[in-house]
Amino acid sequence: MGYSIVEKLVRSHFVEGSFTPGEELALKVDQTLNPDSAGTMAFIQFEAIGIPRVQVNLAVSYADHQTLQVGFENADDHLYLQDVAARFGVHFSRAGNGICHQVHLERFAAPGKFLLGTDSHTPTAGGMGMLAIAVGGVDLALAMAGRPFTFPMPRVTRVELKGSLPPWVAAKDVILEVLRRLTCSGGVGKIIEYGGPGVACLSVPERGTITNMGAELGATSSVFPSDGRTREFLEAQGRGDVFVPLQADDDATYDEVLEIDLSTLEPLVALPHFPDNVVPVREAAGLPLNQVFIGSCTNSSYVDLSRAAAILKGKLVAENTSLVVAPGSRQVLHMVAQSGALADLIAAGARILESACGPCIGIGQSPCSGGTSLRTSNRNFEGRSGTKDAKVFLASVETAAASALTGRLTDPRTLGNPISVPVPSRFHIDDRMILVPPADGSGIEIRRGPNIRSLPPFPPLAETVRGEVLLKVGDNITTDHIMPAGAKVMPYRSNVPAISRFCFATVDETFYDRAVAAGGGLVVGGCNYGQGSSREHAALAPRHLGVRAVLAKSYARIHRKNLINMGIVPLVFDEESDYDRIEQGDFLSAEGLYAAVEAGILLVRNETRNEMYRIRLPLLPLEKELLRAGGALNHARICLRERERFK
Ligand code: MIC
Ligand code: SF4
């Protein structure tokens with residue numbers, strides 16, 4: 001029987017475990033990617049493990065999220081990241097060089113390899129035919145320390161692409177269509193593998209747009225074949241030597257198959273406040289827009305910006321609409337400057353930002369009160385833009401540029417003759433903003449600003465959990481709800497006590513005070529609890545505030561693992577209707593947690609209502625060990641003490 005691309009990638013990195021979906025599998029990691037947002041905490045944990053040098057073939061750190069320096073904190077974080085990179089053998093992409101996923105695709109991604117990254121959009125590199133998975137900081141620290149990555153083997157969904165894209169329809173519309181069909185939880189426990197004749201019409205950056213937003217499906221990863229288009233892109237980046245072909249075998253089998261005829265697609269838009277709330281642009285056309293943002297790791301390539309410039313050339317943005325453009329990388333910015341596209345954007349009234357995440361994560365350019373913003377980014381969660389009552393829409397670059405001109409949501413097909421911008425045959429290559437670590441970094445002094453705090457210690461698992469339900473939330477709670485990002489909060493990513501003050505602040509601003517007053521407690525959630533960003537601060541902060549268990553209907557993969565990594569017990573309702581019986585403020589208790597970790601089942605008592613609930617605690621073998629130890633860092637220390645090898 002033949003193999004899918006996913007099976008080939010997984011088998012070529014196999015260390016131990018099982019290929020049966022849902023069972024534990026450990027793979028050897030080739031590369032790691034670490035942006036500043038999660039990076040400081042990942043390195044604080046790496047330092048705590050005590051390994052003198054990273055053990056993977058290539059580790060890269062990026063200064064890309066925290067580039068707004070309104071206080072000393074972000075600048076200090078970047079100095080720390082630069083120093084730990086040199087000390088431990090990590091490449092460091094300096095602020096100004098671009099967004100991690102864009103730069104990684106340009107300069108480091110390689111077909112056939114396995115990349116682990118602390119940012120949920122790490123699967124962008126799957127557009128290059130590599131396995132790319134997102135994790136929390138401590139998992140990355142462990143991978144950098146040489147430990148294979150252990151996770152439940154996902155099922156594989158094949159997306160069969162037929163035909164080719166009609167004029168004015170973009171790669172973004174392909175992934176919006178997948179989101180429309182599968183929804184934000186439709187990818188949970190799966191890797192999405194693209195194939196079929198339609199693949200050939202998509203360039204590597206376009207494939208990257210699609211694999212990038214696989215994160216919004218909740219998928220473990222997304223991957224494209226490595227083919228002639230991959231070779232072309234690598235050669236144009238001066239990296240033809242890393243090309244290897246990678247295709248699914250004709251007789252490969254899949255757990256699920258989805259077919260998309262590209263020629264039937266039309267421009268699509270995701271309405272507020274979820275990326276799967278997708279309708280054709282024509283159905284929502286005419287909606288007035290206060291802002292249009294072109295950028296983010298989803299759509300900020302050279303071709304993306306050049307297409308926007310070609311649409312805007314010689315025209316002016318609408319009077320009541322602000323157009324903001326952030327190039328994905330220094331390479332992109334340099335090339336649009338050289339080609340004249342940048343001048344066209346500026347002449348059209350675009351506000352040009354530095355090559356960084358910026359507005360995507362609410363760092364600058366928050367819309368006006370109650371405003372509407374059309375963005376080429378990947379998430380439109382409530383409040384993420386920095387304006388709580390803003391409405392954010394997601395669409396392609398073509399739709400965004402067309403709409404910037406009219407000031408209203410506009411179907412780009414109304415623009416007439418299609419534009420064509422080919423992928424360049426040679427990109428501008430200048431890696432001087434990526435610092436290569438010295439062969440021996442042991443003498444490097446690490447600068448630690450006053451905001452950089454080591455992690456508070458976490459005790460091992462307690463035998464009993466008892467506490468108040470501090471908060472009860474509904475379905476699809478995102479990590480942006482649990483731990484908001486944005487310009488005000490992100491500077492505290494290296495300071496757990498300080499960032500904890502913002503925990504759940506957008507859901508209930510009394511949460512922090514109540515959690516402190518109660519000395520901790522529990523949180524009750526609905527389905528897909530913790531979807532979205534991989535930020536482990538959404539587990540670190542509750543842990544710091546004494547949350548010892550979460551009780552939910554189901555969890556998003558990365559957040560569930562982050563909870564376990566921080567020693568928070570992720571309990572699951574056996575009877576979903578029991579969720580309705582619990583109210584915020586109820587007192588819950590459970591005994592025999594060690595036995596429950598083994599058996600996977602627990603009885604929880606609602607002391608307030610005098611009721612008992614049957615609760616599940618499904619755990620893989622390594623997860624049991626992590627929970628017992630009180631989290632991944634404690635576990636790593638135990639392993640090292642016992643002289644157990646990581647490899
Ligand atoms: C995001 O898009 O939400 C972020 C900021 O890139 C996060 C990373 C973080 O919060 O540390 C992500 O996607 O994982
Ligand atoms: Fe940066 Fe936005 Fe991409 Fe996250 S989704 S990495 S914030 S550009």
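The values are calculated or read from the model by the stated rules, or taken from the named source; none is laboratory data. Everything quoted here is computed from the prediction, not taken from an experiment. Glycine also receives a Cβ, built like all others from the backbone with ideal geometry; neighbour counts cover every protein chain displayed. All accessible areas refer to the heavy atoms of the entire protein, side chains included, with ligands and DNA or RNA removed. Shrake-Rupley method; radii C 1.70, N 1.55, O 1.52, S 1.80 Å.
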Within the stretch 140-155, is there a residue that is over 23 Å from Ala26 (Cβ atoms), modelled with pLDDT of 95 or more and within 16 Å of ligand 2 (Cβ to nearest atom)?
no
Limited to the stretch 167-182, what total is found for residues that are more than 18 Å from Ser377 (Cβ to Cβ) and either among the small types (Gly, Ala, Ser) or surrounded by 20 or more Cβ atoms within 10 Å (Cβ to Cβ) (or both)?
3
For the stretch 481-507, which positions are under 24 Å from Ser577 (Cα atoms) and surrounded by fewer than 19 Cβ atoms within 10 Å (Cβ to Cβ)?
Val507
Against the definition (open to solvent by 20 Å² or more (accessible area, probe 1.4 Å) and modelled with pLDDT of 95 or more), how does Ala310 come out, yes or no?
yes
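Yes or no, residue by residue, for (1) in contact (Cβ under 8 Å) with a residue 60 or more places away in the chain; (2) in contact with an Asp or Glu (Cβ under 6 Å, 6 or more places away or on another chain):
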{"site": "Val572", "(1), (2)": "no, no"}
{"site": "Phe587", "(1), (2)": "yes, yes"}
{"site": "Glu591", "(1), (2)": "yes, no"}
{"site": "Gly600", "(1), (2)": "no, no"}
Counting just the residues of the stretch 502-538 that are without any contact (Cβ under 8 Å) to a residue 24 or more places away in the chain and not in a loop (DSSP other than H, G, I, E, B), which one comes out nearest to Ser589 (Cα to Cα)?
Ala517
Residue that is surrounded by the fewest Cβ atoms within 10 Å (Cβ to Cβ), among those in the stretch 317-359 that are within 16 Å of ligand 2 (Cβ to nearest atom) and of a type in the set (Ser, Thr, Tyr)
Ser355
Can you find a residue in the stretch 196-215 that is at pLDDT 95 or above and in a strand (DSSP E or B)?
no
Within the stretch 293-304, can one find any residue that is out of contact with any Lys or Arg (no Cβ under 6 Å at 6 or more places or on another chain), at pLDDT 95 or above and open to solvent by 50 Å² or more (accessible area, probe 1.4 Å)?
no
Where in the stretch 549-647 are there strands (runs of 3 or more DSSP E), lying wholly inside it, with at least 1 residues that are open to solvent by 30 Å² or more (accessible area, probe 1.4 Å) and among the hydrophobic types (A, V, I, L, M, F, W, C)?
587-591, 601-606, 611-616
Qualifying positions in the stretch 169-209 - among the hydroxyl-bearing types (Ser, Thr, Tyr) and within 22 Å of Asn277 (Cβ to Cβ)
Thr183, Ser185, Thr209
Among (1) touching a Cys at 6+ places or on another chain (Cβ under 8 Å); (2) within 16 Å of ligand 1 (Cβ to nearest atom); (3) not acidic (Asp, Glu), Asn290 falls short only on (2)
Any residue in the stretch 299-327 that is touching a residue at least 12 places away in the same chain (Cβ under 8 Å) and among the acidic types (Asp, Glu) sitting within a Cβ distance under 8 Å of a residue that is more than 16 Å from ligand 1 (Cβ to nearest atom) and in a helix (DSSP H, G or I)? List the pairs, counting only those 6 or more apart or interchain.
Asp304/Pro205; Asp304/Val397
Quickly run through the stretch 139-172 and pick out the residues that are among the basic types (Lys, Arg) and under 30 Å from Gly17 (Cα atoms).
Arg147, Arg155, Arg158
Filter the stretch 360-379 for residues that are among the β-branched types (Val, Ile, Thr) and either within 16 Å of ligand 2 (Cβ to nearest atom) or closer than 18 Å to Lys313 by Cα (or both) and give the result.
Ile361, Ile363, Thr376
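Taking the options Lys28, Lys8, name whichever one is basic (Lys, Arg), under 30 Å from Gln247 (Cβ atoms), open to solvent by 10 Å² or more (accessible area, probe 1.4 Å) and within 22 Å of the chain's Cα centre (by Cα).
Among Lys28, Lys8, only Lys28 is basic (Lys, Arg), under 30 Å from Gln247 (Cβ atoms), open to solvent by 10 Å² or more (accessible area, probe 1.4 Å) and within 22 Å of the chain's Cα centre (by Cα).
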Taking the criterion of being in contact with an Asp or Glu (Cβ under 9 Å, 6 or more places away or on another chain) and within 16 Å of ligand 1 (Cβ to nearest atom), would at least one residue in the stretch 539-558 satisfy it?
yes
When you look at Pro35, is it closer than 30 Å to Gly358 by Cα and in contact (Cβ under 8 Å) with a residue 60 or more places away in the chain, yes or no?
yes
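Considering only the stretch 350-371, state which residues are more than 14 Å from ligand 1 (Cβ to nearest atom) and in contact (Cβ under 8 Å) with a residue 24 or more places away in the chain. Before you say what the answer is, go through the steps one by one.
Filtering the stretch 350-371 down to residues more than 14 Å from ligand 1 (Cβ to nearest atom) leaves 350-355, 365-371.
If the condition is that a residue be more than 14 Å from ligand 1 (Cβ to nearest atom) and in contact (Cβ under 8 Å) with a residue 24 or more places away in the chain, then Ala350, Arg351, Ile352, Leu353, Glu354, Ser355, Gln365, Ser366, Pro367, Cys368, Gly371 are the ones that fit.
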Take the conditions in contact with a helix residue (DSSP H, G or I) (Cβ under 9 Å, 6 or more places away or on another chain), open to solvent by 20 Å² or more (accessible area, probe 1.4 Å) and over 24 Å from Tyr302 (Cα atoms) and apply them to Leu217. Does it pass?
no
Working carefully through the options Val278, Val332, Val336, Val324, find the one that is touching a Phe, Trp or Tyr at 6+ places or on another chain (Cβ under 8 Å) and more than 20 Å from His65 (Cβ to Cβ).
Val336
